[in-house]
Structures are given as C-alpha cells and as structure tokens.
Amino acid sequence: MKRILFCLTAFVFALSCGPSVNPQLKEKIDGQFAAASTRNFGAAGRFIKPMPYAVGQYVIHGTTDSDGKRSINRTMIAGKADGGWVIETGALNTAEETAVQLCVRGLEKAAASGNAEGVEIVWLKIKNEKGEIQRVEGPVLTMMRAMYKGTLSSLNVKLAAYVDGGMISVPAGSFVGTNRVETEATFFGRTLRSTGWYHRAVPINGMVKSVSDDGKNQTVLLGFGLRGAVSEF
C-alpha cells in the first residue's frame, strides 16, 4: 500500500546561511543537541498520519549535514486566523536565527489526502535576526504563493511499506514501536531517498528520526509538545 506523507516542513523557507560562525548560536545549537531526555514513549500503533492539529503543538528537529554542520528547525501551531492555521517555523544555524509565520488554509485536507494542490497561503510574516518583522500580502504574496504552491505540488513522498522500526532513542527520548518508512521525495526533478522513523506520540509530522540513504544527512527529534508552544512573534 502506498500513501502520501504531507510534511509541514515543506513550508519552511530556504534561508541562506552566511559564511561566518556566531559562537553564541553555535553554543545554543550544541546545547540543544546535547540535552537528552529520559522519557520513554510506548508503542502506540501504526503511524498512518499525524494526530489532529491543535494550537500549541510543536516539534524541534536537529539536522547534521554531510560536513558535520548542525542546524535546528522548529515547527509549531501558533494559532488560527482568517480561516486557516497559523504555522510558525524557525531556523537556527551558526550564522543566523530567523522565523516565519504562515497563515494556511486547506492544511488538514492536504495532510489527510497527500494532495497539496488545495493549500492556500493567506499571508506570511518574516522575522529576521534583528527582530524586525515584515508582513507579506497583496501582489508580493501572490508571487510567493505561486512559488510555494509549486514546491508543494512537486513534493512526492510515498509510504511504500510499514515496518516495525523497534525502539529509537533521540535527544527527545526513547520511542518504542516506531514505524520505519522508506521515503522517496522529488524536488524539482531530483529524487531524494531516506529512511524515517515515525511515532504517534509526536505531533505535527510524527517524525522521530530520518537518515538519507547515503548516510550523509541525519535529522533527529530534539523536543516536542502537545501544548505550550511559545511564538517568536
């Protein structure tokens, strides 16, 4: 059986990374990677799709690339407005820390069906490293909306099989009875394959760990919660 996994991470903006390294940001990243939880999450049945969205949910993932560089991405459900969910994503690397909010309509239907065609970005806000916030709407948003809807339409992640992934330990805790999934995603004609481990205790996207087929990139769950997310805006 094949299903489509709609990842909220598709909404994360591609933020350029400067060549300089900020020691304070590096220390912050290393600290989050080093913080290990002793919590254990039991088997919760087969992961089919993420749990229903609710305001306050959040996940924090840390990624290590082929060069050993670390970065952190945070995704949270910040609220509801204008008939849609307000999704907030934050990106932290050794050069900068930024945040984006998007008001998105049609998100639940897309997550259930795997078809992102009906997703509509109503507005977005961008917060830069200086704390300045810019709201984007109108003609500028129209151009950006088309770009991101195109990106979502090109995302094709298939869950080809469900395999017991056993227990996976990450900084966020130990997860028993994960579902190991071989995924294949196509971005602008380029196919990327990876292995992911998912658990029903994790909100928003369910992901506990992901490793690229070549082993050069790894993402692990650093923290999550069903409530209490704090907005950067």
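Derivation of every value follows stated rules applied to the coordinates shown; laboratory data play no part. Worth saying up front: this structure is predicted, and the values here are computed from it rather than measured. Note: ideal-geometry Cβ built from the backbone for every residue, glycine included; neighbour counts use all protein chains shown.
State yes or no: is VAL59 within 18 Å of GLY223 (Cβ to Cβ) and touching a residue at least 40 places away in the same chain (Cβ under 8 Å)? The answer is yes for VAL59. Please find, within segment 73-86, the residue that is nearest to PHE224 (Cα to Cα) out of those that are among the β-branched types (Val, Ile, Thr) and out of contact with any helix residue (DSSP H, G or I) (no Cβ under 6 Å at 6 or more places or on another chain). Only one residue fits best here, namely ILE77. Checking each residue in segment 66-83 for being among the small types (Gly, Ala, Ser), surrounded by fewer than 20 Cβ atoms within 10 Å (Cβ to Cβ) and in contact (Cβ under 8 Å) with a residue 12 or more places away in the chain picks out SER66, SER71, GLY79, ALA81, GLY83.
Out of the residues in segment 32-45 that are touching a strand residue (DSSP E or B) at 6+ places or on another chain (Cβ under 6 Å) and part of a loop (DSSP other than H, G, I, E, B), state the one that is farthest from ALA172 (Cα to Cα). Only one residue tops the list, namely ALA43.
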